[in-house]
Amino acid sequence: MGSADTPPVSAVIRPSFDTIARPFDTITDEQWNDAWETPMRDTVAELQAAFRGGARRIVVIVPTTAMSGGSCHVHLAAPAEAVRVLVKSAARQWGRHGVTVNVVAVAPEDFDIDPSIAGPTSLAPPALSDRDPTALIEFLCSEAAGDVTGQTIVVDGGVWM
Amino acid sequence: MTDRLLGRVAVVTGAGQGVGEGIARRLAAEGAHVVVAARRAETGEAVTHAIVSAGGSAVCLETDVTDRASVAACVRGAVERFGALHIMVHNAFSGAVSHRLEDADLDRHWERMSQTAVWGSFHCAQIAYPHLAAAGSQGRLILVTSPSGVEGSANIPLYSPVKAAQRAMVKSLAREWGHHGITANCIAPVAASPALVSAFEQNPALRRAIEERTPLGRVGDITDDIGSVALFLAGDDASFVTGQTIVCDGGSFLGL
């Protein structure tokens, strides 16, 4: 058990995605394998390692492109959304062990993705000027967040709502 | 039979049984020429025979969606036989095996689902693309996903991400292909597929549990309930609907 003085063991996972814009009809099988299979297999392995290593707070970071989709970014949106929902499955299975698993979704720019084609579309400008997810990640890794699991919380300056 | 899809050409993968069969039957009943793409010819031929016997137009092509060459041959066969391809429905999926995520063996618990759901979507969408573009505002990509692709799964954790990937694919392709007039959407059904019926036979309590949590109090019919949603998305009435997931499960899942 953790306490206010001894924070729970935590793991923060940031998968590597293929962020290069690629028209879907030009993607080769080799590129699809690298873009889809590699981040999925790596993320599953990282989640398993975190669980086996005793982590009780796991946070996974994805771009909001997971939810919005993106032109010329099918190969990125598919694994990003898959990771986001994999977290929900992990949360459902590992909750009984006291393990929470959540997603922090950040702006496409924070993954070096062009938001004009692969980010949320909104006529409104960003609601906030800052989009630092550090404090949220710290909270999700803390004892205080023990009742929060399977969630996606967006820190993108208030674009995706 | 009516003619809402008269003259349109559709490929339906996994059409040898279950949801794919229901979609194939429904599209054919509205005048579409349907390619019943099935991994096993014997199941596909039976569905094809039933469609033709009912006055429809169909041909069976043995297709393995995990094999690019096989999908290419299927699409080529559709175009050679019927002259075009307007509608690609990717439904084929392999059985999922329950597992614990911390113990999951990717070769056993991931590989086949990834191949059929995601690689199959990749092959079907990419190979169909030039034909869907040629079809313009009649071009349709429909991927069959699952409510688990939204809410995760406590029993089959690696099933959910492959179904989630399909949802992200249609959102992305809706954005990328919209300028052609092509629409890309998902259906997330819960229906009386052979696998679910078999599960009900082994565990009658499962049927009761599903029906009790379903506002409409029953499991969907593959043709009348699920095929009809596919028909809507395939037809002209849905020409302004793209990038969406329609959950057709009697109201059991309300999380969208």
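The values are calculated or read from the model by the stated rules, or taken from the named source; none is laboratory data. Only a predicted model underlies this, so the values are computations on that prediction, with no experimental measurement involved. All Cβ positions, glycine included, derive from the backbone under ideal geometry; neighbour counts span all protein chains shown.
Let's see how each residue does on (1) hydrophobic (A, V, I, L, M, F, W, C); (2) free of Cβ contacts under 8 Å to residues at least 40 places away in the same chain; (3) closer than 13 Å to residue B:127 by Cβ:
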residue: B:40; (1), (2), (3): no, yes, no
residue: B:45; (1), (2), (3): no, yes, no
residue: B:51; (1), (2), (3): yes, yes, no
residue: B:71; (1), (2), (3): yes, no, yes
residue: B:76; (1), (2), (3): no, yes, yes
residue: B:87; (1), (2), (3): yes, no, no
residue: B:94; (1), (2), (3): no, yes, no
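Exactly one residue out of A:83, A:106, A:148, A:87 is more than 15 Å from the chain's Cα centre (by Cα) and of a type outside the set (S, T, N, Q), and it is A:148. Could you list, in sequence order, all residues of the range B:102-159 that are more than 15 Å from residue B:66 (Cβ to Cβ), in contact with a strand residue (DSSP E or B) (Cβ under 8 Å, 6 or more places away or on another chain) and within 10 Å of chain A (Cβ to nearest Cβ)? Those that are more than 15 Å from residue B:66 (Cβ to Cβ), in contact with a strand residue (DSSP E or B) (Cβ under 8 Å, 6 or more places away or on another chain) and within 10 Å of chain A (Cβ to nearest Cβ): B:149, B:150. Out of the residues in the range B:69-96 meeting the condition of being modelled with pLDDT of 95 or more and within 14 Å of chain A (Cβ to nearest Cβ), tell me which one is surrounded by the most Cβ atoms within 10 Å (Cβ to Cβ). Going through the qualifying residues, I end up with B:88.
Here residue B:48 meets each of (1) of a type in the set (S, T, N, Q); (2) surrounded by fewer than 24 Cβ atoms within 10 Å (Cβ to Cβ); (3) away from every other protein chain (no Cβ under 14 Å) with one exception, condition (2). Just checking, how many residues over the range A:129-145 are within 11 Å of residue A:57 (Cα to Cα) and part of a helix (DSSP H, G or I)? The qualifying residues number 7. Would you check which residues across the range B:10-25 are in contact with a Ser or Thr (Cβ under 9 Å, 6 or more places away or on another chain) and among the hydrophobic types (A, V, I, L, M, F, W, C) and list them? Matches in the range B:10-25: B:11, B:15, B:19, B:23, B:24. Taking the range B:97-216 as the region of interest, the helices (runs of 4 or more DSSP H) fully inside it that hold 2 or more residues being touching a residue at least 12 places away in the same chain (Cβ under 8 Å) and surrounded by fewer than 15 Cβ atoms within 10 Å (Cβ to Cβ) are B:194-202.
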